[in-house]
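Each remark here refers to the structure printed beneath this line.
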């Protein structure tokens, strides 16, 4: 199967995206893969598969590789005798800003390039945790109580300790702190504000059950991964999460009742339907007293949550073959023609 | 890492900082040198002095901290001071490398640790003076474009306000401030330092009443290879301040 893997991006998660891409290269061996790297200045480079190593980017060797531009339907490389096209479907593997905030989705849509990844509207609702809360409210999905704090105006936080503070628009545990008492609060807010103007405050429930589930829609049906109970020590910190992004070993299915599994799948479907079509997403849930709460949506999960799927290659192929098509207005100047005719010109 | 916005003279400075050992009760503020940043300092000192609360700060205009206006050293000190009030930090120990040493001095901490610090004016060698004179003549003839050939290594790629800041701070002489400092000072120097040579260390050692000078192998960045020893000295110096009470 032919697939272009687009990774990098001007994001706090730039390096994580590189790790993800390298992991997928291993995971998708046998596929006809093209690697396109978006650097922090938004320049695209064609990366030779043999050069898909972390050092290539940290040592700026990618700059010696062919630079690509984008046009209708494909990426292309200018050369002496014209251009070389790199067409086909793209897997958007840019985590964080650019990839998950709708920027790349817009660019690809604009140039009519098919892609696996969240569309613009889906990106908006999953990238900013405030909007995820709005989505949940509208779709009647349970989430934890929360407060929004802004860097501009400090207000009294009413959530009880211990609480968890997260930048509103970032995944991967970057800038996230658990605050046990007031003395830790100020620093935790400053940590979150390094990454975003807004932060979300939620109660931190010690020992809460957490489950991750990935899935996608293909051929009009939902396809789910296994349910995973992530191991955690209070909070996956950045380093552990980073390792998480290079995960490739299949994990064990969480030992839960069929009833709970169905509850998780139903909630997932509620989140996914009519919004995330075209994307393989991972939802992270909390379960409190048998009730399922949505914690967050990862519209481009680390290394595409490959470790949760029994047949990852097959799943990706299925998704690729049922990507949504865009409806584009046809311009035929009927209106101008009719006016011109009426005026007799 | 974290960010705090500080208002100073009608300007906003976003100060990027990081705190290690948040539970410790004695504070050590660590300030980097010109064109450097807190990461370099953290790399050296984070593994040591775990009985202190480490506060690493990117000075305005460096690392991830912003600065849109030309500053003087005393402005830097004032901004750091305001920042310290915000995070409830005390002036137990302030360690400054190079330019950060001058800022540390002006903050008047109980224990001042100068690591290859600047702050004493050294007349420019003839070569530099000639360079400046030639460039000024060039400028008259409209050849200002050649600036990059003449401008100091430490000032290349600087934004306009930071270039002005550079000119403000580079030739300062803080001899009087060194002489009137009455806390405990620890001076750590690299034997082969060319940016802030040993002669500076001897001069500062002479000016400060209660100071100890420790000399290590290496250049202006010697502490990167001797951070363990330097840390040990800092701890000892701090312990001595407790003895006297």
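Laid out as a table, the results:
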{"read-out": "Single residue of segment A:1-23 satisfying the filter (more than 21 Å from residue A:108 (Cα to Cα) and touching a helix residue (DSSP H, G or I) at 6+ places or on another chain (Cβ under 9 Å)) that is surrounded by the most Cβ atoms within 10 Å (Cβ to Cβ)", "value": "A:16"}
{"read-out": "Of all residues making up segment A:172-227, the number that are outside any strand (DSSP E or B), surrounded by fewer than 16 Cβ atoms within 10 Å (Cβ to Cβ) and away from chain B (no Cβ under 13 Å)", "value": "6"}
{"read-out": "Output for segment A:28-61, where each listed residue is buried (at least 19 other Cβ atoms within 10 Å of the Cβ) and in contact with a helix residue (DSSP H, G or I) (Cβ under 7 Å, 6 or more places away or on another chain)", "value": "A:28, A:35, A:37, A:45, A:47, A:52, A:56, A:57"}
{"read-out": "Within segment B:203-224, tally of residues that are without any contact (Cβ under 8 Å) to a residue 24 or more places away in the chain and either assigned to a strand (DSSP E or B) or exposed (fewer than 14 other Cβ atoms within 10 Å of the Cβ) (or both)", "value": "1"}
{"read-out": "Members of segment B:18-28 found to be at pLDDT below 95 and away from chain A (no Cβ under 14 Å), listed by number", "value": "none"}
{"read-out": "Boolean, residue A:159 is touching a strand residue (DSSP E or B) at 6+ places or on another chain (Cβ under 6 Å), buried (at least 17 other Cβ atoms within 10 Å of the Cβ) and modelled with pLDDT of 95 or more", "value": "no"}
{"read-out": "Residue check for residue B:60: at pLDDT 95 or above, within 16 Å of the chain's Cα centre (by Cα) and assigned to a loop (DSSP other than H, G, I, E, B)", "value": "yes"}
{"read-out": "Restricting segment B:53-64 to residues that are within 14 Å of another protein chain (Cβ to nearest Cβ) and out of contact with any helix residue (DSSP H, G or I) (no Cβ under 7 Å at 6 or more places or on another chain), the residue that is farthest from residue B:105 (Cα to Cα)", "value": "B:64"}
{"read-out": "Extreme residue, farthest from the other protein chains (Cβ to nearest Cβ), among residues of segment B:4-17 that are part of a strand (DSSP E or B) and farther than 14 Å from residue B:59 by Cβ", "value": "B:11"}
{"read-out": "Scan of segment A:86-109 for residues that are part of a helix (DSSP H, G or I) and over 24 Å from residue A:131 (Cα atoms), ordered by number", "value": "none"}
{"read-out": "Some residue of segment B:29-52 being within 14 Å of another protein chain (Cβ to nearest Cβ), part of a strand (DSSP E or B) and more than 15 Å from the chain's Cα centre (by Cα)", "value": "no"}
{"read-out": "Some residue of segment B:78-87 being at pLDDT below 95, touching a helix residue (DSSP H, G or I) at 6+ places or on another chain (Cβ under 9 Å) and not in a loop (DSSP other than H, G, I, E, B)", "value": "yes"}
{"read-out": "Residue check, residue B:83 in contact (Cβ under 8 Å) with a residue 12 or more places away in the chain, more than 12 Å from the chain's Cα centre (by Cα), surrounded by 18 or more Cβ atoms within 10 Å (Cβ to Cβ) and away from chain A (no Cβ under 14 Å)", "value": "no"}
{"read-out": "Residue B:67, sole failed condition from (1) touching a strand residue (DSSP E or B) at 6+ places or on another chain (Cβ under 8 Å); (2) surrounded by fewer than 18 Cβ atoms within 10 Å (Cβ to Cβ); (3) away from chain A (no Cβ under 14 Å); (4) part of a loop (DSSP other than H, G, I, E, B)", "value": "(2)"}
{"read-out": "Scope segment A:114-136; condition crowded, with 23+ Cβ neighbours inside 10 Å and in a loop (DSSP other than H, G, I, E, B); matching residues", "value": "A:117, A:118"}
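The values are calculated or read from the model by the stated rules, or taken from the named source; none is laboratory data. Quantities reported herein were computed from a predicted structural model and do not represent experimental measurements. Note: ideal-geometry Cβ built from the backbone for every residue, glycine included; neighbour counts use all protein chains shown.
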